[in-house]
Amino acid sequence: MKIDLRSDTVTKPTTAMLEAMFSAKVGDDVFNEDPTIIELEQKAATLFGKEAALFCPSGTMTNQIAIKVHTKPGDEIICDQTAHVYNYEGGGIGFNSGCSVRLLQGDKGRFTTGDVTENINPADDVHRPLSRLVVIENTSNRGGGSIWDVNEIKNISESCKKNGLALHLDGARLFNALIETGETAIQHGNFFDSISICLSKGLGAPVGSLLIGNSAFIRQARRVRKVFGGGMRQAGYLAAAGIFALDNHINRLKEDHNRAHQLGKMIENLPFITEVFPIQTNIVIFKLDEKMPSETFLKKLSDNEILAVQFGKQTIRLVTHLDFNDEMLMEVEMVFKKI
Ligand SMILES: *Cc1c(COP(=O)(O)O)cnc(C)c1O
C-alpha cells in the first residue's frame, strides 16, 4: 500500500466523479459552446458573489493571467516572500508580465496592512516602479497551511482601494480556510478584485482551476488565456469533475484537517524532530535535527512505501487529502515509531 503525502494534488477521481465526467455535455469552449464549462464558471462566480469566472488548466495559469491583466510592464507586485506566485511559477511574473516584485517578510505567509502601506511606492516618484497589485495566498502553502485573519484581509482590501492597487487572492486552498473558520466564499469574494481557486488540490478533481472576477476583468482574462495557450476545446469533461468537486468535496476537507492534526500529534514527540509548524488545515511542516538528514528520513519513509517531500533545509512537508484514510494514518504511525 503506497501512502502518498507529497501533496493534495495526487488524488485520483472517485468513481462517482468519473461518472459525472463521462456523462458531461460538451462543446467547443473557445467558441464559448461548452455547456458544462459555462455551468462551472457561473457556479463559481455565484459562489463568490462575482460576475464571471474562467476555467483554466492550472492554478499557475489563473494566477499568471490575473497578474497580466492587473499590471503593465514595469509595475511592481507586493506579496509575501513565501508566495507561490513568486517561488513556484517559474519566474512567470517577470516572463509574462515584466513586473518587479516587493517581497514582504510575513508571519507564516501572512503580512499586515502596515506591511503593505509601507511598501507602496509614491506614485509621483519617477525613480520607483508603480505599485500596482497585492497578492494574498490563503491558505499559505509555505506557511504550513496557515489561515489568514479575515479582519486583516478586510483592512488590506480597504487600503488597496484607497491607494489604487488591485488585490488578488491565490486561493488554491481557500476552501481549507473557509471550512475551518466558517467564513463564506461571498464574504471573501467581496475583498478581492480577482480570485484563483484550484479544483485539483483538496477538492480532488484531476485538473483545473478557476479565475473569478467582474465581467470586464474576465473578458480580458479570456483573451490572455488564449495567448498563454490555455484555450481548451471539449474540456467540459474536466469541468464536470470540478462541478462534482464543488458539490461534494468541500465539507469533507475537515477530515483531512483532523488527520493532519493526528499526524502532528504522532510526530511532535519523536526525538529527531525539533519543530512542528502550527497545524491549521491539511499541511504538516516540521524540522529535523542535524543527526537525521532529510534524505535519510525520506528514504526511511519511502522504504516503507510512504512518500513525503523535502521543503527546505532539514524541513519536511506532509499533506493530507481525499485519498489518505484512517487505515493509512495508522500505518504511518507504525512507521514513525520504527524510525
Ligand atoms: C498548487 C498551487 C497553485 C497552483 O498550482 P498548479 O499546480 O499550477 O495548479 C497556486 N498557488 C498555491 C498556493 C498552490 O499551492
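3J(HN,Hα) along region 127-144, derived from phi through the Karplus expression 6.51 cos²θ - 1.76 cosθ + 1.60 where θ = phi - 60°, amounts to 5, 9, x, 6, 5, 10, 8, 10, 10, 10, 10, 9, 6, 8, 5, 5, x, x Hz, with x in place of Gly and Pro. Annotation: amide H of residue 309 within the under-5 Å range of 317, sequence separation 5 or more or interchain, hydrogens built in the peptide plane.
How large a share of the accessible area of region 13-248, in percent, is made up of carbon and sulfur atoms when the probe is 1.4 Å and the other protein chains stay in place? If you can, show how the numbers build up before the last one.
Working: 4880 of 9630 Å².
Accessible surface attributable to carbon and sulfur in region 13-248 totals 51 percent.
Normalised by residue count, the chain yields a Cα convex hull volume of 133 Å³ per residue.
Note on residue 226: lysines with a C-alpha under 17 Å away, same-chain residues under 8 apart excluded, are 68.
Taken along the Cα-to-beta-carbon direction at a fixed 7 Å, the label points for residue 1 and residue 313 span 3.8 nm. Residues within the reach of a label modelled at residue 15 (point 7 angstrom out along Cα to beta-carbon, backbone nitrogen below 17 Å), restricted to region 310-330, are 323. Using θ = phi - 60° in the Karplus curve 6.51 cos²θ - 1.76 cosθ + 1.60, the 3J(HN,Hα) couplings for region 296-310 round to 5, 4, 5, 5, 4, 5, 5, 4, 9, 6, 10, 10, 9, 10, 6 Hz; x is entered for Gly and Pro.
When the convex hull of the Cα atoms of region 128-255 is projected onto a plane and the area is averaged over all directions, what value comes out in nm²? If you can, show how the numbers build up before the last one.
Numbers: hull surface 37.5 nm².
The directionally averaged projection comes out at 9.4 nm².
Each of residue 274 and residue 33 was given a label point 7 Å from its Cα along the Cα-to-Cβ line. The distance between the two points is 6.2 nm. Computed with a 1.4 Å probe over protein heavy atoms only, the accessible surface of the chain comes to 43 Å² per residue. Each peptide in 313-320, 182-189 gets a packing score, the mean of other Cβ atoms within 10 Å over its residues, and the list from highest to lowest is 313-320, 182-189. Rounded to 0.05, the FRET efficiency of the residue 327 and residue 300 pair, given R0 = 25 Å and the Cβ-Cβ distance, is 0.75.
Of 265/300; 291/337; 108/300, which ones are farther than 26 Å apart at the Cα? Could you put the intermediate results ahead of the total?
Numbers: 265/300 20 Å; 291/337 17 Å; 108/300 28 Å.
Table pairs above 26 Å Cα-Cα are 108/300.
The values are calculated or read from the model by the stated rules, or taken from the named source; none is laboratory data. Keep in mind that what you see is a predicted model, and the values were worked out from it rather than measured. Note that we place each Cβ from the backbone using ideal geometry, even for glycine, and neighbour counts take in every protein chain shown. Side chains included, ligands, DNA and RNA excluded: accessible areas come from the protein's heavy atoms. Shrake-Rupley method; radii C 1.70, N 1.55, O 1.52, S 1.80 Å.
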